[in-house]
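Reading through the structure tokens given below for one structure.
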Amino acid sequence: MQASEPLPRVVISLDFELRWGMHHALGSRLDGDRRRLDNVRHVVPALLELFSARSLRVTWAAVGALACSDWSEYVARAPRPPDYLDPSLAIDSRHAELDPDGQLHFAADLLRAVHTTPGQDLGTHTFSHILMREPGVTADDVAADLAAVSCLWQERFGTSPSSLVFPRNQIAFLSVVRACGIRMWRGNEPRWYYDRNESSTNRPPARALRLLDAVNPFVRHATVPEGDMTRASLFLRTNLPPGLWTLHCARIRNELDALRPRQVFHLWWHPDNLGTDTRTRLARVEQVLDMVAEQCRRGLVVSSNMRDLLQPGGPPTAN
């Protein structure tokens with residue numbers, strides 16, 4: 001590697017959504033997911049501590065509604081939901097009846113903690129987890145949703161989000177997204193089965209192929225950013241059984257060792273993925289972060305959040 005060439009980067013992005021990302025699957029049920037979502041309130045501070053201890057820079061793509069204080073503020077700020085062909089995808093008043101105190105939907109305190117932690121980029125996952133490739137969603141829906149996020153972010157954090165992760169990785173309406181001030185967005189991994197994310201296409205064969213890639217130590221999905229897109233490289237699967245976790249870690253280690261100048265290895269997961277068996281899964285995250293931090297310490301890679309990718313010279317030297 002020539003000294004004049006930019007170092008490869010490791011980007012971490014988190015899809016922070018609480019129950020906003022699960023309405024389509026859970027409907028009116030709370031049952032076993034209540035504890036997992038409640039545990040996110042312990043997971044987020046733990047992750048911030050792990051990142052800070054290693055000077056790792058991370059994008060938190062947060063559902064905008066998380067910054068609301070309660071349901072009344074949400075109703076006042078939220079645009080009209082899209083006219084989904086499948087009405088179960090829309091947010092409706094019954095969700096407030098299920099969670100009247102808002103513990104599963106609002107987390108303004110956690111977003112403030114993210115915002116005030118050095119190196120953390122508070123991006124967006126849309127205001128109400130809008131699924132942009134589902135039938136019935138329009139450009140006006142997307143524009144209104146992202147405008148609601150921008151307004152709330154300005155009021156709460158003094159800035160608008162520049163980074164976007166599309167809910168359920170349904171990439172669409174890019175001209176609208178750019179017009180709303182988004183300057184960097186996360187793309188999907190570079191094979192056809194990573195782009196099967198609609199309700200009608202996310203079928204077992206595509207999910208099986210994604211799992212096989214995750215535990216194949218010879219797969220390489222690090223890429224060079226393409227304009228305003230940084231492709232995902234790997235979804236971190238902390239729920240794997242021990243043998244498959246070993247293979248998953250081998251995949252990560254080999255990806256890190258194989259990185260070339262200008263490439264980005266982009267890891268992502270949801271904080272609520274750690275809400276079950278939390279101690280074990282946090283330990284696994286720590287194991288992976290230690291791999292990344294060691295490569296940074298040796299001067300082989302740079303830790304970056306998605307906002308940092310907008311800066312040709314890399315992230316600031318001070319965290």
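The values are calculated or read from the model by the stated rules, or taken from the named source; none is laboratory data. The structure presented is a predicted model; accordingly, all values stated were derived computationally and were not measured. In this analysis, Cβ positions are derived from the backbone assuming ideal geometry, glycine residues included, and neighbour counts consider all displayed protein chains. What goes into the accessible areas is simple: the full protein's heavy atoms, side chains included, and nothing from ligands, DNA or RNA. Shrake-Rupley method; radii C 1.70, N 1.55, O 1.52, S 1.80 Å.
Points to keep in mind about this one:
- Calculated accessible area for the stretch 242-292 comes out at 40 Å² per residue, all protein chains present (probe 1.4 Å; ligands, DNA, RNA ignored).
- Shape analysis of the chain based on the Cα gyration tensor places the equivalent ellipsoid semi-axes at 30, 21, 20 Å, largest first.
- Local net charge near T59, Cβ-Cβ under 13 Å (Lys/Arg +1, Asp/Glu -1): +2
- Angle of helix 242-258 to the longest C-alpha principal axis of the chain, folded into 0 to 90 degrees and rounded to 10: 60°.
- For the stretch 94-140, the Kirkwood estimate of the hydrodynamic radius, built from every pair of different alpha carbons, is 13.5 Å.
- Cα gyration tensor shape of the stretch 67-111, rounded if a/c is under 1.5, else prolate or oblate by comparing a/b with b/c: prolate
- Leading residue at positive end of dipole, the chain (Cβ point charges), from Y193, L14, I252: I252
- Computed from point charges on the beta carbon alone (+1 for Lys and Arg, -1 for Asp and Glu), the dipole magnitude for the chain about its Cα centre is near 1040 Debye.
- Counting only protein heavy atoms and a probe of 1.4 Å, the accessible surface of the chain is 54% carbon and sulfur.
- Computed log₁₀ I(q)/I(0) - Debye formula, equal Cα scatterers, no solvent, the stretch 106-202, q 0.20 Å⁻¹: -1.02
- Label-to-label distance for L209 and Q103 is 4.2 nm, based on points extended 7 Å past Cα in the beta-carbon direction.
- Virtual spin-label span in nm between D257 and D83, 7 Å along Cα→Cβ: 5.7 nm
- Extension reserve of the T276-A179 stretch, reckoned as 0.36 nm per residue once the Cα distance is removed: 31.1 nm
- Modelled label positions at T159 and S200, each set 7 Å beyond Cα in the direction of Cβ, lie 4.0 nm from each other.
- Solvent-accessible area per residue for the stretch 133-188 (1.4 angstrom probe, square angstrom): 36 Å²
- Modelled FRET efficiency - R0 25 Å, N239 with D290, Cβ distances, 0.05 increments: 0.80
- Backbone N under 11 Å from the S52 label point (7 Å along Cα→Cβ), restricted to the stretch 93-118: 113-118
- Sum of side-chain charges, E5 neighbourhood, beta-carbon under 13 Å (Lys, Arg +1; Asp, Glu -1): +3
- Value of [θ]222 nm, deg cm²/dmol, for the chain, DSSP H segments ≥ 4, -39500 (n - 2.57) each, nearest 500: -11000 deg cm²/dmol
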